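The values are calculated or read from the model by the stated rules, or taken from the named source; none is laboratory data. Remember, predicted model here, so these are calculated numbers, not experimental data. Quick reminder, even Gly has a Cβ in these numbers, built from the backbone with ideal geometry, and neighbours come from all protein chains shown. The accessibility values were calculated without ligands, DNA or RNA, using every heavy atom of the protein model including side chains. Shrake-Rupley method; radii C 1.70, N 1.55, O 1.52, S 1.80 Å.
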Amino acid sequence: MSATSSTKSGIQKLDNGEAVIPASTRSDGTVRKEIRVKPGYKPPEDVEVYKNRTAEGWKNRGKGGVPGAAPLDEKLPPHKAAAAKNARRREARKKAGGGSENGIEDDSAAKVEDVVPVELDPEVEAAKEARKLAKKLRQARELKEKNEKGDALLPEQFAKVIKIQELIRQLDSLGFDGEGEKKEGEGKPAG
């Protein structure tokens, strides 16, 4: 009998339509007989695995591109492709606006230049700093009162209480009293 085709499992179909597993020799030298396979039997090796197209598409989502889209002529790495796209956008913006080469960057640079030359009044800055220090001083005094009443303080709260004299000194150096009010003798001269 001559075999016509063989499958993954090794089953051969003969010319007369029968399927057999051919005779073989074991490792110890003994011979296995040819085994006849019942009609319609399909071994697990020959069964095709079900392939879900959606799942396959999800697994290969980064490889194939968009289904139905024309393939790209040039294959650039993603970061270079984005750079090329941004360059095309800049060119289009340049042609449309007739403006600068950098587009948005020049606008933001102009905004920064407008803000930088404005000088802040030192007296306003001192008043702002004094308000911050007065708030810290008020909180520290409240914690001191709490401690005197017998309430337990956390270590960071106790550190604030210790800094009361330092806060008063800083307010004094700015020309403000212990309550955060401007000292009377250091105001603007009366005209």
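Here are the numbers for this structure:
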quantity	calculated
Matching residues in region 1-21 - criterion: being part of a strand (DSSP E or B) and surrounded by 10 or more Cβ atoms within 10 Å (Cβ to Cβ)	ALA3, THR4, SER6, GLN12, LYS13, LEU14, ALA19, VAL20, ILE21
Condition check for LEU167: modelled with pLDDT of 90 or more and part of a helix (DSSP H, G or I)	no
In region 116-131, the residues that are open to solvent by 80 Å² or more (accessible area, probe 1.4 Å) and at pLDDT 85 or above	LYS128, ARG131
Number of the condition not met by ALA81 [criteria: (1) surrounded by 11 or more Cβ atoms within 10 Å (Cβ to Cβ); (2) modelled with pLDDT under 65]	(2)
Pair list, Cβ < 8 Å and 6+ apart or interchain, from region 147-169 residues that are free of Cβ contacts under 8 Å to residues at least 60 places away in the same chain to residues that are part of a loop (DSSP other than H, G, I, E, B)	ASN147/LEU153; VAL161/LEU153; ILE168/GLY178
Residues that are out of contact with any helix residue (DSSP H, G or I) (no Cβ under 8 Å at 6 or more places or on another chain) and open to solvent by 90 Å² or more (accessible area, probe 1.4 Å), drawn from region 155-181	PRO155, GLU156, ILE162, GLN165, ARG169, SER173, GLU181
Tally, over region 22-50, of residues that are under 58 Å from the mean Cα position of the chain (by Cα) and surrounded by 12 or more Cβ atoms within 10 Å (Cβ to Cβ)	3
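Conditions (1) modelled with pLDDT under 75; (2) open to solvent by less than 60 Å² (accessible area, probe 1.4 Å); (3) assigned to a helix (DSSP H, G or I), marked per residue:
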{"position": "ASN86", "(1), (2), (3)": "no, no, yes"}
{"position": "GLU91", "(1), (2), (3)": "no, no, yes"}
{"position": "ASN102", "(1), (2), (3)": "yes, no, no"}
{"position": "ASP114", "(1), (2), (3)": "yes, no, yes"}
{"position": "LEU133", "(1), (2), (3)": "no, yes, yes"}
